[in-house]
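Colleague: One structure, as structure tokens, below. Some questions next.
The values are calculated or read from the model by the stated rules, or taken from the named source; none is laboratory data. On a predicted model such as this, the values are computed, not experimentally measured, just so you know. Cβ: placed from backbone, ideal geometry, glycine included. Neighbour counts: every protein chain shown. Keep in mind that these areas ignore ligands, DNA and RNA; they rest on the heavy atoms of the full protein, side chains included. Shrake-Rupley method; radii C 1.70, N 1.55, O 1.52, S 1.80 Å.
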Amino acid sequence: MTEKHRGTTHDRIALVLDHPKNLVNIAGVVRVMMNFGLSDLRLVQPDEYDEYRIGGIAHRSRELLEGVRIVDTLDEALADCTWIVGTTARARTAGRNYMRPRETARELLTRAREPEGRAALVFGREDKGLDNEALDLCQAVAIVPTAPEFPSLNLAQASLTFAYELF
């Protein structure tokens, strides 16, 4: 983490990966977090997790990896969070307001600054994304607009888009 962000609201924003499949994608998210001053990574039942291999991909990530929380359920990953934003590749459910990355970052930072605030940005499984049950745990839903023929981003690309805006 950069000195600029140590002890700031960035420490109070968690990135949560719900059932990530691929270790390389986890490593990509770790690298993104390091580049943009985020340090709280939570993994819900990753298919594979090998700290040594992730560290080999995301160099100099030992400090961040020492703090990774691996949990059994999304509820457990979000238990201490007061503001939760789920991400999705496409609008799926009527009645949801979808935020874009810049607006999402502003809201996450605002909520994380609250006295008891801890915010979370949740990303779903690479092949399926977040299901509606997971999105129901969120106060907001964010989408990265893309070309209709290629609606979804790689997990690291999606996290990069939001991390950049948070930075």
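Colleague: Evaluate the stretch 84-106: report whether one residue or more is loosely packed, with under 13 Cβ neighbours inside 10 Å, out of contact with any Phe, Trp or Tyr (no Cβ under 6 Å at 6 or more places or on another chain), without any contact (Cβ under 8 Å) to a residue 12 or more places away in the chain and in a loop (DSSP other than H, G, I, E, B).
Modeller: yes
Colleague: Among the residues of the stretch 1-33, count how many are modelled with pLDDT of 95 or more and farther than 18 Å from D47 by Cβ.
Modeller: Counting residues in the stretch 1-33 that are modelled with pLDDT of 95 or more and farther than 18 Å from D47 by Cβ gives 5.
Colleague: If a residue must be more than 20 Å from A158 (Cβ to Cβ) and either of a type in the set (S, T, N, Q) or touching a Lys or Arg at 6+ places or on another chain (Cβ under 9 Å) (or both), how many such residues does the stretch 70-87 contain?
Modeller: Applying the first criterion (more than 20 Å from A158 (Cβ to Cβ)) to the stretch 70-87 yields 70-73, 75-76, 79-80, 82.
Adding the requirement that they be either of a type in the set (S, T, N, Q) or touching a Lys or Arg at 6+ places or on another chain (Cβ under 9 Å) (or both) leaves 70-71, 73, 76, 80, 82.
So the count comes out to 6.
Colleague: Same structure again: Answer yes if at least one residue in the stretch 47-61 is surrounded by 13 or more Cβ atoms within 10 Å (Cβ to Cβ), touching a helix residue (DSSP H, G or I) at 6+ places or on another chain (Cβ under 7 Å) and touching a residue at least 40 places away in the same chain (Cβ under 8 Å), and no otherwise.
Modeller: Checked the stretch 47-61: no residue is surrounded by 13 or more Cβ atoms within 10 Å (Cβ to Cβ), touching a helix residue (DSSP H, G or I) at 6+ places or on another chain (Cβ under 7 Å) and touching a residue at least 40 places away in the same chain (Cβ under 8 Å).
Colleague: Any chance you could count how many residues in the stretch 157-167 are surrounded by fewer than 19 Cβ atoms within 10 Å (Cβ to Cβ) and of a type in the set (A, V, I, L, M, F, W, C)?
Modeller: The total comes to 1.
Colleague: Looking only at residues that are open to solvent by 90 Å² or more (accessible area, probe 1.4 Å) and part of a helix (DSSP H, G or I) in the stretch 64-78, which one is farthest from H19 (Cα to Cα)?
Modeller: E66
Colleague: Do you know which residues across the stretch 107-154 are exposed (fewer than 14 other Cβ atoms within 10 Å of the Cβ), among the basic types (K, R) and either modelled with pLDDT of 95 or more or more than 19 Å from D80 (Cβ to Cβ) (or both)?
Modeller: The one that is exposed (fewer than 14 other Cβ atoms within 10 Å of the Cβ), among the basic types (K, R) and either modelled with pLDDT of 95 or more or more than 19 Å from D80 (Cβ to Cβ) (or both): K128.
Colleague: Still on this model: I'd like the full set of residues that are of a type in the set (K, R) and either in contact with a strand residue (DSSP E or B) (Cβ under 7 Å, 6 or more places away or on another chain) or part of a loop (DSSP other than H, G, I, E, B) (or both), limited to the stretch 14-63.
Modeller: K21, R42, R60
Colleague: Now for a different question. The conditions are (1) free of Cβ contacts under 8 Å to residues at least 12 places away in the same chain; (2) more than 23 Å from G28 (Cβ to Cβ); (3) of a type outside the set (K, R), and A147 fails exactly one of them. Which is it?
Modeller: Of the numbered conditions (1) free of Cβ contacts under 8 Å to residues at least 12 places away in the same chain; (2) more than 23 Å from G28 (Cβ to Cβ); (3) of a type outside the set (K, R), the odd one out for A147 is (2).
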